[in-house]
Structures are given as C-alpha cells and as structure tokens.
1. Quick one: which of E268, E320 is modelled with pLDDT under 85 and either touching a Gly at 6+ places or on another chain (Cβ under 8 Å) or surrounded by 15 or more Cβ atoms within 10 Å (Cβ to Cβ) (or both)?
2. Within the range 97-120, can one find any residue that is within 23 Å of K171 (Cβ to Cβ) and either loosely packed, with under 14 Cβ neighbours inside 10 Å or modelled with pLDDT of 85 or more (or both)?
3. Would the range 75-82 turn up any residue that is among the acidic types (D, E), closer than 26 Å to F157 by Cβ and at pLDDT 70 or above?
4. In the same structural domain as F240 (by TED's automatic domain parsing), closer than 30 Å to Q235 by Cβ, free of Cβ contacts under 8 Å to residues at least 40 places away in the same chain and not hydroxyl-bearing (S, T, Y), is that true of N288?
5. Residues in the range 169-218 that are in a loop (DSSP other than H, G, I, E, B) and over 24 Å from P102 (Cβ atoms): how many?
6. Restricting the search to the range 336-386, which residues are at pLDDT 85 or above and of a type in the set (D, E)?
7. Kindly provide the set of residues from the range 313-349 that are of a type in the set (S, T, N, Q), outside any helix (DSSP H, G or I) and without any contact (Cβ under 8 Å) to a residue 40 or more places away in the chain, ordered by number.
8. A217 passes all but one of (1) within 22 Å of R163 (Cα to Cα); (2) exposed (fewer than 13 other Cβ atoms within 10 Å of the Cβ); which number fails?
Amino acid sequence: MAFNIGAFLGGAAKGGSQVLDERRAAEEARTVTQEQRQWQIATEGRKASYDKKIRRQDKADELDLLVEEASMYYNTDQMAELSTLGKNKLSYAIAQAKLLKPQGVLTEDLYKLTSINNPDDVDAATAPAVPFSSQFATVKEPEDIYTGNTKQGQAIFFQEKMRTTKDPEAKLRFQKLMIEAQNVVDAEAAAAGKPNTTSASAEKIIKASVDASFDTAGLMTLSPTGEYLNRMQSQEPEGFRLIGNAYSIVRQNTAVGGTLDKVLTQREIDNNLRINDYRKAAVSDYENFKVKEAEFNAMPTGSRTEKAAKKEAEDLLAAEKLTSNNFVPLDPLKPLTAKEVRNNMYQTYGVNKVVQVKINPEGDDSPTNIGYVITTTNGIIKLGFK
C-alpha cells in the first residue's frame, strides 16, 4: 500500500484544528466558570451581608423589647444607664425586678446607679469596679412578699401591710408601694377605656393612710375581725394632727402626682380650715369672755337689786370662763415659744389649748412674728409658722 502524504497532512491539519477547538472550548469554559464563580461569590457575599443585617436587626429588636420590658420596673434615670449595658445585663435586671418588686422593694431602691455607688470625689477611671449584682436591692423581710398576680391584689396587700405595721419607715414604704400598684391599676383601666376611677382611687389611698395613722395612735375603733369602724377624736386637735401627719406621709411619696396630688391638696386645705376654725373659736370665746368680764366688773352694787343682778351675772360669767380657758394669749413680758409650749404643755396648759407664741423670740411683737400652737394628746400643731 502506497503512503498518501496528502491524506496524512490533511489528517494532521484536521487533528491540529480539533486540538485548537478543544483548547478554545476549554478556555471559554474556564472563563464561564470563573464568571460564574465570581457571580456565585458575589451572590453569597450579598446573602451573607443580608443575613448579617437581619441578625443585627433581630438583635436590635430583641434589645428594644428588653428595654421596653425593663422600663416597666425602673425609672428614667435607671433606664438611662441600664439600656446601655447590653442584653445580658438587661435580662438580669428584668429578672431581679420580677423577683424584688413583689417583695416590697421601692422603684428607686431596685437598682442603684453607678454614680451613686461611687463617691463623687473618686475618679471613675481609678475607682474599684462595682459588681453589677451588688447594685440591686436585697430583700430582708420575706414575709412581705406578695404572691398574687394582679396589681389590684398587690395594692390591697400593701394597704394591709401599711395598716398593720407599727414601724414608721415600713409604713411609708408600704404606702408608696400601695400607691405605685394603684397607679398601675388606674392606668390599665384608662387604657382599656373603662370609666375614670382615678379620683376614687386617690380618695381610697388617702383614707387608708389616715385610718392607718389613727390605728397606730390607738384611736381607731375596730370590728371583731379587725376592720376599721370609727376614728376617735377626729374632730379634736389630736385628730387634726393625725390627719395632717397622714397627709404629710402621702406627700413624701415620689409616686404622688396627677389626680392624687390634686385630691390630696384639697384634703390638706380642708384640714387646715378645720384647724383654723378651732383656733378662731378659742380666740373668740376668750375675747367674748373678756368683754363680759369687763361688763361684770362695771356693774353697780349699791342696791340690793343691783347686788342680786351681779350675783346672777357672776354665775353666768363662771360658765363663760370654762370655754375661754382654751385660749392662752401672748404674755408681752414673758412671751412663749413653740418649743416651750411643747416641753411644758401637759404640766402647764393641758391638751386642746390654743397658745399664742412668738415665732422668733428675738424679734418684735408685730403680727408677722406671732404664731399659735395647739396642744394635742400626743403633740402640737403649729399655725403661722413658715
């Protein structure tokens, strides 16, 4: 068989062309693969960025929810600090609030701000770190724990605690917790579109405080089951004093505001009016007696008829004198002070007396320097003092 050089060359050329085509195809395939890979990488990068953004958003939403929940327990100043501490510490703060709040811990005592834990004259950069857990309140009285699950029940619980405790500080603490719980009850009722019962709630809070004040003083009539029935001496100076003290205790609470503040202000005005009416009546009885005493001293006694008339007037004057004794006017030569009256009232003046005193012992005798002290069973009431 003869060798065909043309066929050989043609086959070689064909084979070379095929190799070039295959190489070209491979190169194109590599190019496509690289583009696809780059597109895939870009797509995966965008997806990773999106997923990361979603995770950040989820974390932000979760933090927002924690801040919102924590604000139900802590005040504005506390939240300004707690909201910057991250999710873990916020979650811890919420857990502590849920544990401590039902146990009678006041809002401002739940968490002490870092600035309060460190003295002002200590550089924050060099001050020893305060353990986060140590900034929360600790409970010392487990018997004061409210185990129910409603704010209305909590308000009633602390109202009863306020009634039964004899410790003035505990009474103030329970009273504030009662007010806080009742404020939440009122807010929930308003949000639900129920009739506004804020005024009724305010009256209930004030009444409970006054009743507790009379009970502590032993001037409350109780039923066989311990329920309040009647305040004794409520229309006497001691009653005025106890009512005023109860209002002052309510006023000391930072939770007082809105309708409660308005109702309390009116009750304070009413009590001050009763006190001033008592003072005015005592002064009026004294002045009327002095007028009748002068008239009596001026009565003639020349005839038998005149003597008989004066004798009759003397008996009437003696009766008038009994009521006039409730007022002790200021002695210009030996003016008294409120402190002197308080220290000597039982030995010298007795109770339910209106005593005129000098506000400033070193000052003049002008009306602005003259005040009144009303003696009561267990203290005094001062009028005209600033």
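1. Of E268, E320, the one residue that is modelled with pLDDT under 85 and either touching a Gly at 6+ places or on another chain (Cβ under 8 Å) or surrounded by 15 or more Cβ atoms within 10 Å (Cβ to Cβ) (or both) is E320.
2. Taking every residue of the range 97-120 in turn, at least one turns out to be within 23 Å of K171 (Cβ to Cβ) and either loosely packed, with under 14 Cβ neighbours inside 10 Å or modelled with pLDDT of 85 or more (or both).
3. Checking the range 75-82: not a single residue is among the acidic types (D, E), closer than 26 Å to F157 by Cβ and at pLDDT 70 or above.
4. Values: in the same structural domain as F240 (by TED's automatic domain parsing): yes; closer than 30 Å to Q235 by Cβ: yes; free of Cβ contacts under 8 Å to residues at least 40 places away in the same chain: yes; not hydroxyl-bearing (S, T, Y): yes.
Spelling it out, N288 is indeed in the same structural domain as F240 (by TED's automatic domain parsing), closer than 30 Å to Q235 by Cβ, free of Cβ contacts under 8 Å to residues at least 40 places away in the same chain and not hydroxyl-bearing (S, T, Y).
5. Number of matching residues: 6.
6. Of everything in the range 336-386, just one residue is at pLDDT 85 or above and of a type in the set (D, E), namely E340.
7. Kept after step one, since they are of a type in the set (S, T, N, Q), are these residues of the range 313-349: 323-326, 337, 343-344, 347-348.
Of the ones still in play, those that are also outside any helix (DSSP H, G or I) are 325-326, 337.
Correct list: N325, T337.
8. In the conditions (1) within 22 Å of R163 (Cα to Cα); (2) exposed (fewer than 13 other Cβ atoms within 10 Å of the Cβ), A217 misses (2) alone.
The values are calculated or read from the model by the stated rules, or taken from the named source; none is laboratory data. Because the structure is a prediction, the values reported are computed rather than measured. Because the Cβ atoms are built from the backbone with ideal geometry, glycine has one as well, and the counts that use them run over all protein chains shown.
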